[in-house]
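The structure is given below, and queries will be raised subsequently.
The values are calculated or read from the model by the stated rules, or taken from the named source; none is laboratory data. Bear in mind that the values here come from a model prediction, so they are computed numbers and not experimental data. For neighbour counting, all protein chains shown are included, and Cβ atoms are generated from backbone atoms with ideal geometry for every residue, glycine included. To get the accessible areas, we keep the full protein, side chains included, count just its heavy atoms, and leave off ligands, DNA and RNA. Shrake-Rupley method; radii C 1.70, N 1.55, O 1.52, S 1.80 Å.
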Amino acid sequence: MVLPRVSRLVYRNFKVNTDPASLVILVGLPAMYLVFFGFGFGDLLFIAPGLMAFQSVMAGTVGGGMLWADRRYGMLAQLLVGPFSRLDYLLGIMLTTVIFGLAGAVVMYAVAFALLHGVYISPLGWGSVVVTITVGSLFFGALMLILSALVKSNNTYNSIQILVLFFINFASTVFYPNTPRLPVILQVLFRVNPLSYIANLVRAGFDGTLVPVDLFYLIGLLTGTVILVVLATRTYMRSDISYT
Amino acid sequence: MHQNTSDAINAVSLVHSYDGKKNAVDGMTFNVRRGEVFGVLGRNGAGKSTLIKVLTTLIRPTAGKLTILGMDPSHKSEEIRARIGVVQQDESFDFTSVEGNFDIYGVLWGIPKAVRIERRERLLKEFDLLEIRKKRSFDLSGGQKRRAQVAREFMHDMDILFLDEPTVGLDVIMRRNLLDLIKEQVKGGLTVVFTTHNLEEADYLCDRIAVVESGKVIALDTVENLKRLYGGKKTVEFAVEGSSGIELVRAVEQSLDGESTLKVLNDGTALVLTEDPKKALRVVVEASQKLGVQLEWLNVRKNTLEDVFLSSIGEQRSGN
């Protein structure tokens, strides 16, 4: 059976990005966060959904990293002189990013389930988690794709990514809540950080505390994601594919 | 140029400019016949890689008319790409083993599993890659990488294969080895477009050659016809020990007729391209005797592609 073109690209993306070292980083690292932060702060029920949300960031970095590596190591040009269009390639990355995000969240849930001796999430809660992580993965995937499409030097790419991820990860409600005790600047960063909204939505689904206002947050997140995906698509479609 | 629908590629006044000011491809007109190995020969920066990018639909021509397999790339680029193979000048591998790269490439091209395995095993064997099949692609030597990259392209069926300087960076033995492997693979009548700046390679592999310079095709024919064209000529070579060679070269140059041309290579060897080698030999011998210079060696030979290349580049420059 011959798979559709985008599915073939997704297959390839998984084969290339699921070597043991990559899996340790993608899944092992957040799992360790869960164990250390969860037991360290004694609040696994808070950290667990936060780290499920955090998977959308990890997935986004995988998506951006794929474009970056393919440009740098010649595979983007090789694919684009093959049976794929630029749009196929982009869809392949986006789909891979979403699957990575969802799979990572399920793994985090499984670890939390084992550590907490069972956690129940309602069907509505799961629906909220799946939708939020899908949208979140696309948001961060698009952000990292823009970075990958624009930057030409490896050092610049890594430096910007580390800086952006530092603020996104630690100025969010993934690891601790936004409380009035935090410095004002951090409170503002928490509020403008999309990861905070992703973490809050996943947490609400996880805890079964969803309220109508969460729908507005989700719509806001979705709007931001659409804008970023459009920008990423335009930037990528116009970018140099570095084929000499 | 007459458009022949049986041509694999037909380009008429093809132009591509990256910046709208300077044309990297500057009005190239040529055709590639089905089943031939077509060489694009030129120095670095002559426009070969840009031409390949245009022909493989990676970039669009700025002007001119182009058909590939009878299709217009501006409307049918996906259909064209599904029927061509491209080996880029730069390496392009996924982060996995050699055989993993072959497998993934087969999947990408939609090759059924049984066929994929059969082709992978055959190509690994034919390109002498069996021993390194488990090695990661990025850990291979330069020669192994090139072999693997060329071999991988044969995982899928194609009507035209583009090889963009596939032997660059390889030593003489590896280069010949790879050319033999390519020659073996294309025996069945595959159309090949092969860019190189190496004259021996073009001579060894190609049925016809386009010599390109500054984005233009400055000569196009079979290797033999090109040699005859810049020719019916033969080359008289000579070298002299010590510093007296310059005087001899000057004396020979003054005595030659207008149809003969003299070039001095970096190693001091002087070449006289002439239609009358007997006369040229006489001129060299008489001049050396007159100057009392001892010739280190003197030789007459047929023109090589290198002579053709030097002549055509020289004519292009003087024409400009």
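Looking at chain A as a GNM with Cα springs under 10 Å, which of A:22, A:56, A:172 has the largest mean-square fluctuation?
A:22
Choose one of B:277, A:112, A:123: the residue whose Cα lies farthest towards the positive end of the charge dipole of the protein assembly as shown (beta-carbon charges +1 Lys, Arg; -1 Asp, Glu; about the Cα centre).
A:123
Given axes a ≥ b ≥ c from the Cα gyration tensor, I'd like to know whether the range B:45-173 is rounded (a/c under 1.5), prolate (a/b larger than b/c) or oblate.
Values: a/c = 2.56, a/b = 1.48, b/c = 1.73.
In terms of gyration-tensor shape, oblate.
In debye, nearest 20: dipole of the range B:233-302 around its Cα centre with unit charges on the Cβ of K, R (+) and D, E (-)? List each step's numbers first, then the result.
On the way: 10 positive and 11 negative charges, 50 e Å.
The dipole of the range B:233-302 has a size of about 240 debye.
Using only helices, what value at 222 nm comes out for chain A when you add -39,500 (n - 2.57) per DSSP H run of length 4 or more and divide by the total residues, to the nearest 500 deg cm²/dmol?
Numbers: 11 runs with 190 residues, N = 244.
Counting only the DSSP helices, I get -26000 deg cm²/dmol.
Can you order the peptides B:141-148, A:142-149 by their average number of other Cβ atoms within 10 Å per residue, highest first? List each step's numbers first, then the result.
Details: B:141-148: 19.1, A:142-149: 25.4.
With the highest mean Cβ count within 10 Å placed first, the list reads A:142-149, B:141-148.
Please determine, in degrees from 0 to 90 and to the nearest 10, the orientation of helix A:123-150 with respect to the longest principal axis defined by the Cα atoms of chain A, where the helix direction is its Cα long axis.
40 degrees
What FRET efficiency, computed as 1/(1 + (r/R0)^6) with R0 = 22 Å and r the Cβ-Cβ distance, is obtained for residue A:191 and residue A:219, rounded to the nearest 0.05? Don't skip to the answer; put the middle values down first.
Working: r = 17 Å, r/R0 = 0.77.
In this case the efficiency is close to 0.85.
Take every Cα pair under 8 Å in chain B that's 6+ residues apart, average their separations, divide by the length, and report that relative contact order as a whole percent.
So the answer I get is 20 percent.
Total accessible area buried between chains A and B, 1.4 Å probe, in Å² to the nearest 100?
Values: alone 12100 and 16010 Å², together 25650 Å².
Counting both chains, the buried surface is close to 2500 Å².
Round to the nearest 0.05 the FRET efficiency obtained for residue B:90 and residue B:17 when R0 = 30 Å and r is the Cβ-Cβ distance. If you can, show how the numbers build up before the last one.
Details: r = 23 Å, r/R0 = 0.75.
The formula returns an efficiency of 0.85 here.
Which whole-number value in Å² is the accessible area per residue of the range A:45-152, probe 1.4 Å? Present the calculation step by step, with values, prior to reporting the outcome.
Numbers: 3160 Å² over 108 residues.
I get 29 Å² per residue for the range A:45-152.
Here is a further query. Can you give the angle from 0 to 90° between the axis of helix A:5-17 and the longest principal axis of chain A, with both taken from C-alpha atoms, to the nearest 10?
70 degrees
Can I ask one more? Calculate the length of the line joining the C-alpha centroid of the range B:169-222 to that of the range A:51-115, in whole Å.
Between the Cα centre of the range B:169-222 and that of the range A:51-115, the gap is 39 Å.
Now for a different question. Given a 1.4 Å probe and every protein chain left where it sits, what share in percent of the accessible area of the range B:7-223 is carbon and sulfur?
Working: 4070 of 8470 Å².
Taking all protein chains in place, the range B:7-223 shows 48 percent carbon and sulfur surface.
Still on this structure, I have one more. How many angstrom separate the Cα center of the range A:147-189 from the Cα center of the range B:141-168?
43 Å
Using the C-alpha atoms of the range B:142-212, what convex hull volume per residue, in cubic angstrom, is computed?
Details: hull volume 6.1 nm³, N = 71.
Per residue, the Cα convex hull of the range B:142-212 comes to 86 Å³.
So for the protein assembly as shown, what percent of the C-alpha to C-alpha distances run longer than 39 Å? Walk me through the numbers on the way to the answer.
On the way: 70757 of 158766 pairs.
Counting pairs separated by more than 39 Å, the tail of P(r) holds 45 percent.
What average count of beta carbons from other chains do you get within 10 Å of the Cβ of residues in A:68-77? Let's see the in-between values first.
Details: counts 0, 2, 2, 0, 0, 8, 7, 9, 1, 7.
For peptide A:68-77, the averaged partner shielding equals 4.
What ratio of Cα Rg to 2.2 N^0.38 Å holds for the range B:233-302?
On the way: Rg = 10.7 Å, N = 70, 2.2 N^0.38 = 11.1 Å.
Ratio of Cα Rg to 2.2 N^0.38 Å: 0.96.
Compute a Gaussian network model of chain B, connecting alpha carbons closer than 10 Å, and tell me which residue from B:26, B:159, B:94 fluctuates the most.
Of B:26, B:159, B:94, the most mobile in the Gaussian network model is B:94.
So, one more: Please work out the Kirkwood hydrodynamic radius for the range B:7-223, using every pair of different C-alpha atoms, and report it in angstroms with one decimal place.
Working: mean 1/r = 0.0565 Å⁻¹.
Computed over the range B:7-223, the radius equals 17.7 Å.
Set the Förster distance to 25 Å, then compute FRET efficiency between residue B:263 and residue B:297 from the Cβ-Cβ distance, nearest 0.05.
On the way: r = 17 Å, r/R0 = 0.67.
My answer for the efficiency is 0.90.
How large is the helix-only mean residue ellipticity at 222 nm for chain B, computed as the sum of -39500 (n - 2.57) over DSSP H runs with n ≥ 4, divided by its residue count, in deg cm²/dmol to the nearest 500? Walk me through the numbers before you get to the answer.
Values: 11 runs with 123 residues, N = 320.
The helix-only estimate for chain B comes to -11500 deg cm²/dmol at 222 nm.
Over the residues of the range A:110-229, compute the C-alpha Rg and express it relative to 2.2 N^0.38 Å. Could the numbers behind the result be given before it?
Values: Rg = 15.9 Å, N = 120, 2.2 N^0.38 = 13.6 Å.
Here the answer is 1.18, to two decimals.
Same structure again: Please compute, for peptide B:259-267, the average count of beta-carbon atoms on other protein chains lying within 10 Å of each residue's beta-carbon. Working shown, then result.
Working: counts 0, 0, 0, 0, 0, 0, 0, 0, 0.
Counting Cβ atoms of other protein chains within 10 Å of each residue's Cβ and averaging gives 0.
Given the protein assembly as shown, what percent of its DSSP beta bridges are antiparallel, to the nearest 5? Present the calculation step by step, with values, prior to reporting the outcome.
Numbers: 37 of 56 bridges.
Counting only bridges with both partners in the protein assembly as shown, antiparallel ones make up about 65 percent.
Also, quick follow-up: Charges at C-beta only: +1 for Lys and Arg, -1 for Asp and Glu. How large is the resulting dipole of the protein assembly as shown about its Cα centre, in Debye rounded to 20? Please report the intermediate quantities before stating the final value.
Details: 58 positive and 54 negative charges, 201 e Å.
Computed charge dipole of the protein assembly as shown: roughly 960 debye.
Now, a different point. Let me have the relative contact order for the range B:131-247, percent, based on Cα pairs under 8 Å that are six or more residues apart.
Values: 73 pairs, mean separation 19.7, N = 117.
Computed value for the range B:131-247: 17 percent relative contact order.
Now for a separate question. Expressed as an acute angle from 0 to 90° and rounded to the nearest 10, what is the orientation of the C-alpha long axis of helix A:86-115 relative to the principal long axis of chain A?
30 degrees
Between residue B:173 and residue B:246, 0.36 nm times their residue separation minus their Cα-Cα distance comes to what?
On the way: separation 73, 0.36 × 73 = 26.28 nm, distance 3.54 nm.
22.7 nm is the gain from fully extending residue B:173 to residue B:246.
Ok, one more. Please list the three semi-axes, largest first and in whole Å, of the ellipsoid equivalent to chain A, using sqrt of 5 times the eigenvalues of its alpha carbon gyration tensor.
Values: eigenvalues 193, 76, 59 Å².
Taking √(5λ) for each Cα gyration eigenvalue gives 31, 19, 17 Å.
Can you give me the distance in nm between label points at residue A:158 and residue B:125, each placed 7 Å from the Cα along the Cα-to-Cβ direction?
4.3 nm
Please compute the average number of Cβ atoms from other chains found within 10 Å of each residue's Cβ in peptide B:92-99.
Going residue by residue through B:92-99 and averaging, the value is 5.
A follow-up question, please. Per residue, how much space in cubic angstrom lies within the convex hull of the C-alpha atoms of the range B:49-89? Display every interim value, and only then the final one.
Values: hull volume 2.6 nm³, N = 41.
Normalising the Cα hull of the range B:49-89 by residue number yields 64 Å³.
Need one number: % antiparallel among DSSP beta bridges in the range B:7-223, to the nearest 5.
On the way: 21 of 40 bridges.
Here the antiparallel bridges make up roughly 50 percent for the range B:7-223.
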